[in-house]
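The values are calculated or read from the model by the stated rules, or taken from the named source; none is laboratory data. Predicted, not measured: the structure shown is a model, and the values here were computed from it. Here Cβ is always computed from backbone atoms with ideal geometry, including for glycine, and neighbour counts include all displayed protein chains.
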Amino acid sequence: MAELKYRRILLKLGGEALAGEGGFGINPRRAEEVAQKVIRVLNMGVQVAIVIGGGNLWRGKEDGLDHGMERVTADHMGMLATVMNALALQDALERHGIPTRVMTGIEVRAVAEPYIQRRAVRHLEKGRVVIFGAGTGNPYFTTDTAASLRAMEIDAEVLIKATKVDAVYDSDPKLNANARRFERLTYIDALNMRVGVMDSTAMAMCMDNDLPICVVDLWQEGSLEQVVAGEAVGTLISA
């Protein structure tokens, strides 16, 4: 077993990680692929908590706000979308025998536990994967902010932002062949550059509480294992 740098992690996924064709809906095969990646990290002896977005099912701005919907209503719909994704990922994990709990910031007791910090920590200590749905339970906060908050509440040692880009760049590498790739950034640099990998509220929370953020490509083979082993992969944002 590899030497571990991080033994408790918060994995932040976008809803697109589970998306079907065109970036919409839930594709069970994609859920299965994500589950396999989580299981490999879990088998290294790492405690894993997950926050997943809901953009594959509902995009508040495009689907709601741009058409006159009230912001609070749009945000609550987005929270419910993340619960659906959390349940899909839970199902994929449990089909492999991995005990998993979904905990939500708004009460949907028929399908998930309400979020209680001590209970979440206890689940992790027992080797269960914990998936946090419904964001913070409050409108006007993104799932990035929810990830930062939950990571600090459970004393995670790192927040892994797993995307479809292999690192942070100073511009879109798909549009600019000369885009500069960063292996390390300070929180201040990331905030000043508006790098776009996390919103400023989430970034500031991590900075204030000295929680490192590692930005990696979820689909790059072994990227999550490399992070927890302390190997150089993606971009590390820290003090």
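Residues that are among the aliphatic types (A, V, I, L, M) and either free of Cβ contacts under 8 Å to residues at least 60 places away in the same chain or not in a loop (DSSP other than H, G, I, E, B) (or both) within region 35-55 comprise ALA35, VAL38, ILE39, VAL41, LEU42, VAL48, ALA49, ILE50, VAL51, ILE52, listed in sequence order.
When each of MET205, MET193 is tested for being hydrophobic (A, V, I, L, M, F, W, C) and under 19 Å from the mean Cα position of the chain (by Cα), the lone residue that passes is MET205.
Here is the figure for region 1-29: residues that are closer than 26 Å to ILE154 by Cβ and not aliphatic (A, V, I, L, M) total 9. Please find, within region 1-32, the residue that is surrounded by the most Cβ atoms within 10 Å (Cβ to Cβ) out of those that are in contact (Cβ under 8 Å) with a residue 12 or more places away in the chain and charged (D, E, K, R). The residue in question is LYS12.
For region 178-217, a residue qualifies if it is farther than 19 Å from LYS5 by Cα, touching a residue at least 24 places away in the same chain (Cβ under 8 Å), in a loop (DSSP other than H, G, I, E, B) and not charged (D, E, K, R), and the qualifying residues are VAL195, VAL197, MET198. Restricted to region 38-62, and to residues there that are charged (D, E, K, R) and in contact with a Gly (Cβ under 9 Å, 6 or more places away or on another chain), the residue that is farthest from LEU218 (Cα to Cα) is ARG59. Is there a residue being closer than 22 Å to ARG8 by Cα and either surrounded by 15 or more Cβ atoms within 10 Å (Cβ to Cβ) or not aromatic (Phe, Trp, Tyr) (or both) anywhere in region 193-200? Yes, that holds for at least one residue. Identify the residue in region 132-177 that is touching a strand residue (DSSP E or B) at 6+ places or on another chain (Cβ under 9 Å) and free of Cβ contacts under 8 Å to residues at least 12 places away in the same chain and, among all such residues, is nearest to LYS37 (Cα to Cα). In this case the residue turns out to be PRO173.
Within region 163-182, the set of residues being surrounded by 11 or more Cβ atoms within 10 Å (Cβ to Cβ) and either aliphatic (A, V, I, L, M) or modelled with pLDDT of 95 or more (or both) comprises VAL165, ALA167, VAL168, ALA179.
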